[in-house]
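Contents: one structure, followed by commentary.
The values are calculated or read from the model by the stated rules, or taken from the named source; none is laboratory data. Bear in mind that the values here come from a model prediction, so they are computed numbers and not experimental data. Here the Cβ positions follow ideal geometry from the backbone for every residue, glycine too, while neighbour counts run over all protein chains shown.
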């Protein structure tokens, strides 16, 4: 998501372009102001200095929108961006005036009208640069969101609903048929309900958080047949968040991750708690825990990308036992 810097990627090309632009601006100013021809070289020098400093400064220290936490509000991001642009412009303008004085002897501070005109013109140019940065960032964010949503749809039955879950459920059903046909029928109904919800989720860009919790309940009820009495779970949804729109299948990979990596290698009872309150969703288990050096797989990375693209965040709080992950909407 970082913007490429022309100064870093092609310094020679940037130097030629910036110098040529500055020289042309200097000639234009000289032609508009009139005066002796030999002053043109000095005007061109001033233009080159301003072009190099301003262009190079904004290119190297551009508005750091992509480095701002995405869970900040749009107003806060806008305020920080504008403040950064004005501060950077002021520093670059002062640097340009100082270099012009040292290299050409022209003291802009003695010509207030020229100084004001240069400041306003530079500020307008900075606004254009800032607008360009904002549009570029918006386009990149929209493309990232579209790519993440496309991956999420592809992962719907592949990563979010791990194949091993389906296979284990079918094996469990097959084992129950001769021993307990009634439970086998119940397991088949649970699996059918889960698959219907997953397929329905893939057709929607957003759905209420209560639907996501119902999907998790179908999954965990199905997993009870595999874990037996070892598995205990609590699904706690604050009524104030029940209708909160969330991307479908957002929490399913996180619960699957707890079942696969936290509970599968553990001996004894396993407890999982999913709680949504105060704008956050916390998923915590008492399983084997998560190594600090663990790399996020495709499913977890997709969850993070979908959250960040919509202004949310995914964090891993430290807990005394097991593993916890928190989703900020």
message = Name the single residue that is surrounded by the fewest Cβ atoms within 10 Å (Cβ to Cβ) among those in the stretch 242-269 being within 23 Å of the chain's Cα centre (by Cα) and over 28 Å from residue 188 (Cβ atoms).
response = 245
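If only one of 49, 63 is surrounded by 15 or more Cβ atoms within 10 Å (Cβ to Cβ) and modelled with pLDDT under 80, which one is it?
Being surrounded by 15 or more Cβ atoms within 10 Å (Cβ to Cβ) and modelled with pLDDT under 80 holds for just one of 49, 63, which is 63.
Here is a list: 144, 169. Which entry is at pLDDT below 85, in contact with a helix residue (DSSP H, G or I) (Cβ under 8 Å, 6 or more places away or on another chain), within 27 Å of residue 269 (Cα to Cα) and assigned to a helix (DSSP H, G or I)?
Details: 144 fails: within 27 Å of residue 269 (Cα to Cα).
Of the residues listed, the single one that is at pLDDT below 85, in contact with a helix residue (DSSP H, G or I) (Cβ under 8 Å, 6 or more places away or on another chain), within 27 Å of residue 269 (Cα to Cα) and assigned to a helix (DSSP H, G or I) is 169.
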query = For the stretch 218-239, what are the residues that are surrounded by fewer than 18 Cβ atoms within 10 Å (Cβ to Cβ) and either outside the structural domain of residue 252 (by TED's automatic domain parsing) or touching a strand residue (DSSP E or B) at 6+ places or on another chain (Cβ under 6 Å) (or both)?
reply = 224, 230, 232, 234, 235, 236, 238
remark   = The number of residues in the stretch 272-324 that are touching a strand residue (DSSP E or B) at 6+ places or on another chain (Cβ under 6 Å), within 14 Å of residue 250 (Cβ to Cβ) and either outside the structural domain of residue 259 (by TED's automatic domain parsing) or assigned to a loop (DSSP other than H, G, I, E, B) (or both) is 1
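Given the criteria at pLDDT 85 or above and buried (at least 19 other Cβ atoms within 10 Å of the Cβ), does residue 319 qualify? I'd like the intermediate steps shown before the answer.
Details: at pLDDT 85 or above: yes; buried (at least 19 other Cβ atoms within 10 Å of the Cβ): no.
It is false that residue 319 is at pLDDT 85 or above and buried (at least 19 other Cβ atoms within 10 Å of the Cβ).
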key: Hits in the stretch 197-236 - residues which are closer than 17 Å to residue 283 by Cα and under 26 Å from the mean Cα position of the chain (by Cα)   = 209, 210, 211, 212, 213, 215, 216
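Residue check: is residue 306 farther than 29 Å from residue 187 by Cβ, surrounded by 18 or more Cβ atoms within 10 Å (Cβ to Cβ) and within 18 Å of the chain's Cα centre (by Cα)? Before you say what the answer is, go through the steps one by one.
Values: farther than 29 Å from residue 187 by Cβ: yes; surrounded by 18 or more Cβ atoms within 10 Å (Cβ to Cβ): yes; within 18 Å of the chain's Cα centre (by Cα): yes.
Yes: the conditions hold for residue 306.
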